[in-house]
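In what follows, a single structure is set out as structure tokens and then discussed.
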Amino acid sequence: MSRVYNFSAGPAVLPEEVLKEVAEEMMDYQGTGMSVMEMSHRSADFQKIIDEAEQDLRDLMKIPDNYKVLFLQGGASQQFAAIPMNLMKNKVADYIVTGQWAKKAYQEAQKYGKVNKIASSEDKTFSYIPDCSDLSISPDADYVYICENNTIYGTKFKKLPNTKGKTLVADVSSCFLSEPVDVSKYGIIYGGVQKNIGPAGMVISIIREDLITDDVLEGTPTMLKFKTQADAGSLYNTPNCYCIYVCGKVFKWLKKMGGLEEMQRRNIEKAKILYDFLDQSKLFKGTVVPEDRSLMNVPFVTGDKDMDAKFVKEAKEAGLVNLKGHRTVGGMRASIYNAMPKEGVEALVAFMKKFEEENA
Ligand SMILES: Cc1ncc(COP(=O)(O)O)c(C=O)c1O
């Protein structure tokens with residue numbers, strides 16, 4: 001077996017322990033004589049899997065009782081429509097646009113109501129988080145929307161915006177479970193699982209109960225109505241059973257590792273290794289203002305496209321893969337999610353040092 005260090009932004013590295021466990025259970029899940037892939041979503045065995053997954057996630061994030069946890073299909077992008085459809089009672093929402101994913105959500109919401117861009121960092125290629133302490137929040141806004149960690153640009157809100165009492169909705173796809181979070185500050189906190197949690201094909205949406213109602217926009221598909229999914233315990237139709245199972249394994253792994261406080265400690269330690277190197281490097285440089293740097297996605301450049309391409313190619317040959325930056329920004333990006341071991345980041349920095357010496 002030969003494993004690489006995979007710096008992909010998503011789908012991304014998963015804990016080896018979890019991969020081994022699911023491999024062992026592939027042919028016979030705990031004496032059932034079948035794989036979870038082959039199991040009815042209405043079976044008692046699967047109900048136990050989904051119930052445990054939800055409870056473990058609740059424990060990890062300390063999710064208050066007045067929030068529902070939904071395991072949904074359609075990825076994070078489906079929520080870009082589902083959120084306005086379910087929340088736009090006044091048909092008004094305020095969006096803070098700090099990257100491509102926030103922009104996509106902002107554009108999608110425009111189909112359903114009046115959507116205000118109340119702040120943006122597009123003027124400097126999304127390399128920072130705007131000051132959100134005193135924005136002009138619309139008096140009739142149904143919610144304020146952010147993308148908390150910007151996967152492509154490598155920025156993160158270190159402080160949540162002052163929504164002046166309005167419901168906060170956050171896409172946390174690329175920082176899910178990377179640190180402790182106070183769920184009570186959000187109306188909805190949601191993310192695709194394919195970055196920090198599990199295989200692709202699912203979004204977890206944690207929604208405060210008062211936002212789950214029958215009062216949705218006319219024409220909202222049954223499947224996109226939060227109440228449909230909440231009333232059915234995410235089993236209105238056949239869910240992504242296998243993904244729920246693997247996510248459940250990752251939740252157990254996270255608990256065993258010491259929970260989100262320990263993840264945060266490790267993530268700070270790992271990111272520091274890379275940022276410290278970037279800050280003194282003569283060849284490589286980080287692209288984000290230091291105070292807004294993400295712990296999960298670290299973009300960097302040499303300033304020379306050919307040199308960037310050479311780096312990505314040689315890194316791959318050295319077993320450090322998926323370091324190419326997003327196609328819209330170029331350069332490099334190392335995604336160092338929970339499952340990336342410290343050794344992976346150390347190996348990357350050692351390789352960057354060597355590359356710098358050779359290409360000085
Ligand atoms: C922050 C963020 N939001 C949304 C998405 C889209 O997720 P999905 O592919 O699950 O729709 C991504 C990445 O793929 C992302 O990084």
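The values are calculated or read from the model by the stated rules, or taken from the named source; none is laboratory data. As the structure is a prediction and not an experimental result, all values here were calculated from the model. Here Cβ is always computed from backbone atoms with ideal geometry, including for glycine, and neighbour counts include all displayed protein chains.
Laid out as a table, the results:
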quantity: Hits in region 149-208 (condition: more than 12 Å from the ligand (Cβ to nearest atom), among the aliphatic types (A, V, I, L, M) and within 14 Å of residue 337 (Cα to Cα)); calculated: 177
quantity: Candidate set from region 106-140 (those that are of a type in the set (Lys, Arg) and either assigned to a loop (DSSP other than H, G, I, E, B) or more than 22 Å from residue 190 (Cβ to Cβ) (or both)); member that is farthest from the ligand (Cβ to nearest atom); calculated: 114
quantity: From 219, 259, residue being within 18 Å of the chain's Cα centre (by Cα) and either of a type outside the set (Val, Ile, Thr) or farther than 24 Å from residue 19 by Cα (or both); calculated: 259
quantity: Boolean, residue 342 is out of contact with any strand residue (DSSP E or B) (no Cβ under 9 Å at 6 or more places or on another chain) and either surrounded by fewer than 17 Cβ atoms within 10 Å (Cβ to Cβ) or not β-branched (Val, Ile, Thr) (or both); calculated: yes
quantity: Members of region 277-299 found to be surrounded by fewer than 16 Cβ atoms within 10 Å (Cβ to Cβ), of a type outside the set (S, T, N, Q) and in a helix (DSSP H, G or I), listed by number; calculated: 279, 290, 291
quantity: Residue that is part of a loop (DSSP other than H, G, I, E, B) and over 22 Å from residue 59 (Cβ atoms), where the choices are 274, 217; calculated: 217
quantity: Yes/no for residue 147 being buried (at least 21 other Cβ atoms within 10 Å of the Cβ) and either among the basic types (Lys, Arg) or within 22 Å of residue 224 (Cβ to Cβ) (or both); calculated: yes
quantity: Candidates 260, 254, filtered to the one that is part of a helix (DSSP H, G or I) and crowded, with 22+ Cβ neighbours inside 10 Å; calculated: 254
quantity: Flag for residue 109 being within 23 Å of residue 229 (Cα to Cα) and over 17 Å from the mean Cα position of the chain (by Cα); calculated: yes
quantity: Residue pairs meeting the criteria (Cβ under 7 Å; at least 6 apart or on separate chains; first among the charged types (D, E, K, R), in region 212-228; second assigned to a helix (DSSP H, G or I) and modelled with pLDDT of 95 or more); calculated: 214/227; 225/86
quantity: Within region 75-105, tally of residues that are near the ligand (Cβ under 10 Å from one of its atoms) and surrounded by fewer than 17 Cβ atoms within 10 Å (Cβ to Cβ); calculated: 2
